[in-house]
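Working notes for the structure below.
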């Protein structure tokens, strides 16, 4: 089987002919650079084409472009249209998700709270209902790992059930990387495919 190596934000990643990633082997975790992945979800107050959502939709491309150009940005889930509003992986069709990878927690925190994205957060209740459970989860990933939607949903559900752990945590409870814990994760089973 032929294998192609490609560079992904400066990190060598092994792609199989099917396009799947061959992810970091557990024995390499101790010498691996780790990034931070995040999922956040929200339940929109109305369909995206409803006038109530116009303010959110008007800013979406701008904020996604800002993320793409931000220091420390690595990857985000998106369609050819440049956003993730098409994906509806939850039973409730009004739940939107955002899934991305950043070089550091500080880079992600800077984008979320110290750029025009922060203005959107202040207005989020105009477009999103108060979410009843965990709506944000962070976790460590080996550089080059692209989290799938299913992986992200599992991380969010784990946070909801158990609170902050090495498996998933929040900005308020950032947990330092535990290399021994990371070695227990079967990264190959978490192969990311476009769209999860």
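Structural remarks
- Residues (surrounded by 14 or more Cβ atoms within 10 Å (Cβ to Cβ), over 21 Å from residue 75 (Cβ atoms) and either touching a helix residue (DSSP H, G or I) at 6+ places or on another chain (Cβ under 6 Å) or in contact (Cβ under 8 Å) with a residue 40 or more places away in the chain (or both)) located in the stretch 150-182: 166
- Of the criteria (1) at pLDDT 90 or above; (2) surrounded by 12 or more Cβ atoms within 10 Å (Cβ to Cβ); (3) touching a helix residue (DSSP H, G or I) at 6+ places or on another chain (Cβ under 8 Å); (4) assigned to a loop (DSSP other than H, G, I, E, B), which one residue 192 fails: (1)
- Sole exception among (1) in contact with a strand residue (DSSP E or B) (Cβ under 6 Å, 6 or more places away or on another chain); (2) assigned to a helix (DSSP H, G or I); (3) farther than 22 Å from residue 91 by Cα for residue 182, by number: (1)
- Hits in the stretch 62-75 - residues which are within 17 Å of the chain's Cα centre (by Cα), exposed (fewer than 13 other Cβ atoms within 10 Å of the Cβ) and more than 11 Å from residue 111 (Cβ to Cβ): 65
- Residues in the stretch 117-149 that are part of a loop (DSSP other than H, G, I, E, B) and either in contact with a helix residue (DSSP H, G or I) (Cβ under 9 Å, 6 or more places away or on another chain) or touching a residue at least 60 places away in the same chain (Cβ under 8 Å) (or both): 12 in all.
- Within the stretch 56-87, tally of residues that are closer than 20 Å to residue 113 by Cβ and either in contact (Cβ under 8 Å) with a residue 60 or more places away in the chain or assigned to a helix (DSSP H, G or I) (or both): 12
- Count of the stretch 14-55 residues, restricted to those that are under 21 Å from residue 175 (Cα atoms), at pLDDT 95 or above and not in a strand (DSSP E or B), is 0.
The values are calculated or read from the model by the stated rules, or taken from the named source; none is laboratory data. A quick note: this is a predicted structure, and the numbers were derived from the prediction, not measured. Ideal geometry is used to build each Cβ from the backbone, glycine not excepted, and the neighbour counts take in all protein chains shown.
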